[in-house]
Each structure stands twice: as C-alpha cells, then as structure tokens.
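First the structure, in the form of structure tokens, and then the observations on it.
Each value in this text was obtained by applying a stated rule to the coordinates, not by laboratory testing. Values in this document were obtained by computation on a predicted structure and should not be read as measured data. Glycine gets a Cβ as well: all are built from the backbone with ideal geometry, and neighbour counts include every protein chain shown.
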Amino acid sequence: MNLAVIGAQWGDEGKGKIVDYLAEQAEVVVRFSGGANAGHTIVHKDRTYKLHLVPSGIIYPRTVAVLGAGMVIDPGALFGELQTLEEQGVSWEGRVLVSDRAHLVVPRYRELDVEQDRSRMQPIGTTGRGIGVAYSMKAARDGIRVVDLFDDERYALLRPEDREFLDPYRERIHPMVTDLAVYMYHARDRRVVLEGAQGALLDLDHGTYPFVSSGYSAAGGAALGAAIGPRAIDHVLGVFKAYTTRVGNGPFPSEFQPDRDGDLGDQIREIGQEYGVTTGRPRRCGYLDLVALRYACRVCSIDALALTHLDVYDEFDEIKACVGYDIGEETLDGFPASISALERAVPVTKRFSGWKTSLNGISRFEDLPAAAKEYIACIERFVETPVEIVSVGSQRESTILRSDQWTR
Ligand code: GDP
Ligand code: IMO
Ligand code: MG
C-alpha cells in the first residue's frame with residue numbers, strides 16, 4: 001500500500017512527526033520532492049532529529065529510506081546529515097537508497113540561488129540551498145543526474161569545478177543507487193509512505209506562484225517523484241496546523257496583523273516555537289485559513305487530514321479561523337490564482353471558544369474537550385474532509401489516531 005503524506009499549507013505543518021508516527025508500521029519511506037530546503041523534525045523521547053534530505057522513516061532500525069526521483073540532492077548536505085544521524089546513534093548503512101534519476105545540486109547552484117533572489121524586484125526569500133537553480137537546470141535539460149556519476153562519458157562532459165566537487169562522492173553514493181521504478185514494483189505489496197516536503201501552497205504549479213518552491217510538492221508529485229503511476233497511490237493524507245505559518249515572502253491572507261490582532265503573532269510564534277529548521281528564520285503566523293486548506297484538499301484529492309499543533313491554542317480564550325476573503329466589494333470563498341488578489345484579501349473570520357486546558361497526555365479523541373472537538377468538526381465541514389489524526393505535541397506519543405491509515 002502506498003500512503004502519501006503531504007503538507008496542506010505552506011510547509012512546516014509537522015510532516016516529519018506524522019511520517020515518523022506512521023512509519024512505525026511501514027517498511028519503506030520514499031521522499032518524493034524537494035531537497036535540503038526542507039527541515040523535518042522528529043522528537044522521540046529525549047532525542048530531536050532534524051532531517052533535510054533523509055526520509056523520516058530512518059529513525060526505525062529496519063525501515064528503508066529512499067531519496068526519490070523528484071528530489072534535488074546536494075551530496076555534501078546528504079553525507080553531512082548521515083554523519084549527524086550516526087552521531088545520534090542511528091545507523092543507516094545499507095538502508096538509505098537514492099534514485100538514479102534524482103538530480104544533484106552542486107555548489108555553484110547555491111551561489112546562483114542567492115544571487116538570483118537578491119536581484120529579483122520581489123525576492124522570494126529562498127532558503128539559498130540551490131533548489132530553484134537545480135530544478136531550472138533539470139527543466140532546461142542541463143541538469144546533472146545521480147546516474148551521470150557512473151557514466152564516464154557523460155561525467156567527462158561536466159564542468160571541471162562540478163567534477164572536483166562530485167569526485168569524492170562517486171564511490172560513496174554508488175552502493176545506495178537504485179532504479180526506483182523497479183524497487184517500487186517489488187515493494188508493491190509492502191507498506192510504503194511517500195513523504196512530501198514543502199506543501200501544496202508551495203507547489204510549482206498549484207502554489208502561490210512565483211512565491212513557491214520549484215518542486216512538485218502537491219499530491220501529484222508523489223507519483224512522479226516515487227516512480228509510480230497516480231493509480232498506485234492508495235491514500236493521501238494532508239497535514240495541517242491548527243493555525244497557519246509561512247517562511248519567506250509571498251501572499252498570506254490570514255497573517256496576523258499587529259494593528260488588528262495585537263501580539264497574537266508573537267504569542268503563537270513563541271508557544272509554537274515557530275522558527276525555521278533549515279534557516280532559523282522566524283515564521284510568519286496567522287489564523288487557520290480554511291479557504292486555502294479547502295483548496296489544498298481539492299488540488300491534492302486529500303482523503304484524510306492530520307491536524308497538528310492543536311496544543312498551541314491551549315491557553316486561548318478564543319480562536320478564530322479564516323472562512324472567506326474580502327477583496328474590494330466581493331467576498332470570495334475560493335482561493336484565487338492572482339497574487340495581487342491574495343495580497344489585497346482581508347480575512348473573514350469565524351470565532352470559536354477556546355478550551356483553556358492542557359491537551360497534554362490525551363490519547364483518545366473522545367477525551368478532547370468539547371470546544372476542541374467543535375473546532376475540528378467545523379474544519380471538517382468546511383473542507384469536506386475528515387480529520388483522522390490529531391497531534392497535541394511534538395513527541396511521537398502525543399498523537400490521537402481516529403482511524404487507521406493503513407487499512408483503507
Ligand atoms: P515539517 O517540515 O512539516 O516536517 O515540520 P517542521 O519540523 O519544520 O516543523 C514542525 C515543528 O513543530 C517541529 O519542531 C515539530 O517538532 C513540532 N510539532 C509537530 N507536531 C506538533 C504538535 O502537535 N504540537 C507542537 N507543539 N509541536 C509540534
Ligand atoms: P518543509 O519540507 C517551509 C519556502 C522558502 C521560500 C520558498 C522558496 O520543511 O515543510 P526554495 O529554497 O525552496 O527555493 O524557497 O519556499 N520553503 C519552505 N517553507 N517549509 C519548507 O519545507 C520549505 N521549503 C521551501 O522559505 O519562501
Ligand atoms: Mg519544515
């Protein structure tokens with residue numbers, strides 16, 4: 001069974017935590033898109049693991065972790081991350097695989113990424129990891145694929161500075177390389193998690209273009225990046241936060257505004273520790289945007305949702321969510337493609353009572369306070385999708401499962 005787990009907002013929804021939780025019952029986890037721009041956090045007991053390229057199943061001793069064909073991989077970052085994992089007591093040799101069709105990131109891509117963003121009239125605020133450059137090179141058919149490392153004729157055609165960088169990795173990557181289409185064919189009766197990076201609203205096609213990343217982070221990318229057809233995806237789980245965050249620039253209709261919302265943004269940032277895993281940048285915070293979430297559910301055909309960070313609202317008297325956009329005379333309930341419309345949008349909000357009690361330690365849905373259940377029920381009605389997992393803390397155990405994701 002192939003279970004795709006994707007971000008349903010602008011990234012950092014808690015995908016790493018949810019994939020880690022589900023991977024307990026999986027044999028394989030395939031990361032299908034992005035590169036070292038991602039930062040996925042797993043907290044288990046007293047250990048915190050910060051992953052950028054390595055799939056989140058790695059923490060389990062027998063799970064196979066595959067870097068898929070839709071990824072752009074900086075080999076320096078990859079081996080640095082593997083060494084950190086080793087130092088944290090995670091042995092990975094023999095169970096990290098890399099698709100031969102994945103693309104590579106070389107140092108000049110990173111430099112170009114920073115330069116390009118600096119020279120933009122409206123910078124995107126990229127992570128500076130060379131991601132956009134690697135995907136542009138790929139689309140222009142000038143990219144470097146993993147397989148090229150082992151094709152002497154093609155390798156000889158690369159720029160000398162790229163070869164100088166790549167030389168030490170050829171031998172190290174070699175035992176990890178796999179033909180993913182063949183691997184996935186043989187894994188067809190196994191439990192496989194397809195792990196997304198970024199989120200639907202950062203997807204190159206369906207996100208808030210041009211303020212997006214350059215990979216296919218919506219559900220469609222799961223098939224492409226994991227070398228399977230769309231019909232082979234059995235279930236799509238979308239992960240979203242009880243509020244919304246965004247790192248970098250671009251429209252964010254439900255962002256907290258100090259003149260309207262006081263210090264709500266700072267409060268949420270501190271309680272939720274909303275600082276980027278990859279760049280350390282403070283994340284922009286806002287109300288849960290149900291208009292955007294419903295759009296993500298539709299564009300990704302999300303079957304079920306995992307709601308994370310519900311505990312961040314524990315102390316609040318009242319909670320609001322965005323249920324429409326006022327744009328001039330009009331109130332929209334759809335998510336417009338136009339960046340200017342999104343920038344002008346004023347959120348129409350709905351109020352909910354807070355629960356004013358700690359959710360810490362709750363493991364059954366029935367035991368959630370009535371006000372929290374009401375918030376969830378309203379989300380489900382609005383986005384027409386069931387919330388089947390609720391996360392109330394960063395630890396693996398702080399997870400409430402309403403319905404088994406593996407037996408659909
Ligand atoms: P990802 O990129 O989607 O994997 O998410 P990140 O790891 O970038 O950011 C999510 C952050 O929230 C991490 O620090 C997680 O440990 C933490 N986290 C995940 N789920 C919860 C939750 O339910 N409650 C709280 N308070 N923190 C959570
Ligand atoms: P995870 O997987 C949040 C954002 C960047 C920037 C834009 C483009 O941890 O959810 P890029 O370097 O990709 O060209 O930057 O996309 N971005 C993310 N924001 N979470 C991520 O990944 C992100 N990956 C990229 O901040 O605005
Ligand atoms: Mg992240």
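Quick notes on this structure:
- Shape of the range 325-403, Cα gyration tensor, a/c cut at 1.5: prolate
- In terms of surrounding Cβ atoms within a 10 Å radius of their Cβ, Asp203, Asp142, Asp113, Asp259 rank from fewest to most as Asp259, Asp142, Asp113, Asp203.
- Convex hull volume per residue in cubic angstrom - Cα atoms of the range 173-310: 142 Å³
- Percent of beta bridges antiparallel (DSSP, the chain, rounded to nearest 5): 40 percent
- Taking every DSSP bridge with both residues inside the range 240-401, close to 75 percent are antiparallel.
- Helix-only CD estimate at 222 nm, as mean residue ellipticity for the chain, using -39500 (n - 2.57) per DSSP H run (n ≥ 4): -8500 deg cm²/dmol
- Gained length - Glu380 relative to Lys50, 0.36 nm times residue gap less alpha-carbon distance: 115.7 nm
- Neighbours of Lys138 by Cβ distance under 13 Å: Lys/Arg scored +1, Asp/Glu scored -1, total +1.
- Going from the residue with the fewest nearby Cβ atoms within 10 Å to the one with the most, Thr407, Thr208, Thr63 rank Thr407, Thr63, Thr208.
- Residues His103, His186, His44 in ascending order of nearby Cβ atoms (within 10 Å, fewest first): His186, His44, His103.
- Amide hydrogen neighbours beyond the local backbone of Ile400, cut-off 5 Å, H modeled: Val390, Ser391, Val392
- A simple packing score, the average count of other Cβ atoms within 10 Å per residue, orders the peptides 90-96, 391-397 as 391-397, 90-96, with the highest score first.
- Karplus 3J(HN,Hα) series, Hz, for the range 357-366 with 6.51 cos²θ - 1.76 cosθ + 1.60 (x for Gly, Pro): 8, 6, 8, 3, x, 6, 10, 10, 4, 4
- All other residues whose Cβ lies under 14 angstrom from that of Ala371 are scored, Lys and Arg at +1 and Asp and Glu at -1, for a net of -2.
- Note, ³J(HN,Hα) from phi for the range 34-45, Karplus 6.51, -1.76, 1.60, rounded to Hz, x at Gly and Pro: x, x, 7, 6, 6, x, 10, 9, 10, 10, 9, 6
- Note on the chain: Cα-only Rg and Dmax are 20.8, 66 Å.
- Taking a Cβ cut-off of under 14 Å around Asp189, the surrounding Lys, Arg, Asp and Glu residues balance to a net charge of +1, with basic ones at +1 and acidic ones at -1.
- With contacts taken as Cα pairs under 8 Å and at least 6 residues apart, the chain reaches a relative contact order of 20 percent.
- Short-range pairs are left out: with C-alpha atoms under 8 Å and at least six residues apart, the relative contact order of the range 38-100 is 31 percent.
- Here the range 240-401 yields Rg over Rh of 0.95, to two decimals, using C-alpha coordinates and the Kirkwood radius.
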